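> Input: one structure, supplied below.
The values are calculated or read from the model by the stated rules, or taken from the named source; none is laboratory data. A quick note: this is a predicted structure, and the numbers were derived from the prediction, not measured. Positions of Cβ are generated from backbone atoms using ideal geometry, with glycine treated the same way; all protein chains shown enter the neighbour counts. Note: accessible area is taken over every heavy atom of the protein model, side chains too, but ligands, DNA and RNA are not part of it. Shrake-Rupley method; radii C 1.70, N 1.55, O 1.52, S 1.80 Å.
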Amino acid sequence: MIDFHCHLDLYPNARRLVNQVAAKNRFTLVVTTSPRAWQATSRVFAGHSNIKVALGLHPEIVAQKEAERGLLMSCVSEAEFIGEVGLDGSVQHRHTRALQESILKAVLAECERCGGRILSVHSRNAAGPVLDCIEQYCRVSIPVLHWFSGTLEETRRAVAMGCWFSVGPAMLRGAKGRRILEELPKEKVLPETDGPFARNGSSPFMPWEAMTIVRDVAIAWNMTHASVNEQLDQNLMRLLNTLI
Ligand SMILES: [Zn+2]
């Protein structure tokens, strides 16, 4: 089991859950919403080599967390993974777009200065501007677009730029998400849940449920479940090997 984008620290019973996740999942990327949360979560979740905690500043809360901007930049050099970062163009977050963009560009520039990082990137209602930033800054860093929901044209542009994608069961619930999946290169896709925000009915998706995408992926790519599982495992190994 792989979950390449979840907010494990935000589940109500996170401390207990972490041992279960470490036992069930082969690899879990825990994204954080602020650098202080990254520091605290890294301490709490330490000791599990298959759970990595990514340094983030979520675009939806840049205004509240602006004071942590300096901390974010100073931590990039010691962080193995970056996320959740990105832009959100939804109506309720549009007023902070200039600040979101200035923080994203600064993070991307710092990642390059530090030799490149793997990033989990949010792009809701802002696919075009996110791709513009990636195009402008990312040379050695590897952006993984989480729950990508751009147009088909934007999807093709992201693919042509060499982006990776993390895809979850919530994204594949709609026809649009499944259509996007058909456009994605098999070797650049990883499973995610985005739990506890992404929900399965009344309860949040659990980090070991990311692999429920296999059924839809097998249909979209015309592959067997076994070969999809193998492909996703190989993708993870290839991505993690770029860190060495
Ligand atoms: Zn998220």
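> Expected output is a single nm value to one decimal: the length gained when fully extending between Glu182 and Glu80, i.e. 0.36 nm times separation in residues minus the C-alpha distance. What is it?
On the way: separation 102, 0.36 × 102 = 36.72 nm, distance 3.02 nm.
Extra length from Glu182 to Glu80 when fully extended: 33.7 nm.
> Also: Hey, how much of the P(r) for region 1-95 falls beyond 19 Å, as a percent of Cα pairs?
Values: 1828 of 4465 pairs.
Cα-Cα pairs in region 1-95 separated by more than 19 Å: 41 percent.
> Within the accessible area of the chain, what % is carbon and sulfur when the probe is 1.4 Å and the other protein chains stay in place?
Numbers: 5250 of 10450 Å².
Carbon-and-sulfur percentage of accessible area, whole number: 50.
> Then there's this: Across the chain, how large is the tail of the calculated P(r) beyond 22 Å, expressed as a percent of all Cα pairs?
Counting every Cα pair in the chain, those more than 22 Å apart make up 50 percent.
> Continuing with the same structure: With unit charges on the beta carbons (Lys and Arg positive, Asp and Glu negative) and the dipole taken about the Cα centre of the chain, which residue among Gly56, Ala106, Ala158 sits farthest to the positive side?
Value: Gly56.
> Ok, one more. Taking K and R as +1 and D and E as -1, what net charge do the other residues with C-beta under 14 Å from the C-beta of Asp3 add up to? If you can, show how the numbers build up before the last one.
Numbers: positive: Lys24, Arg26, Lys52; negative: Asp9, Glu84, Glu192, Asp194, Glu209, Asp233.
Summing Lys and Arg as +1 and Asp and Glu as -1 gives -3.
> Where a Cα-Cα gap under 26 Å defines reach, which lysines qualify for Lys52, not counting those fewer than 8 residues away within the same chain?
Partners within reach: Lys24, Lys65, Lys105, Lys186, Lys188.
> For Cys75, what charge total do you get from the other residues with a beta carbon under 14 Å from its beta carbon, if Lys and Arg give +1 and Asp and Glu give -1? Mind showing how you got there, number by number?
Details: positive: Arg36, Arg43, Lys65, Arg69, Arg113, Arg117; negative: Glu68, Glu78, Glu80, Glu110.
Neighbourhood net charge equals +2.
> Could you work out Rg/(2.2 N^0.38 Å) for region 101-244, with Rg from alpha carbons only?
On the way: Rg = 15.1 Å, N = 144, 2.2 N^0.38 = 14.5 Å.
Ratio of Rg to 2.2 N^0.38 Å for region 101-244: 1.04.
> Also: Roughly what % antiparallel, to the nearest 5, for the DSSP beta bridges in the chain?
If we restrict to bridges inside the chain, about 10 percent are antiparallel.
> Once you charge only the Cβ atoms, +1 for Lys and Arg and -1 for Asp and Glu, what is the size of the charge dipole of the chain about its Cα centre, to the nearest 20 debye?
On the way: 27 positive and 25 negative charges, 62 e Å.
About 300 debye.
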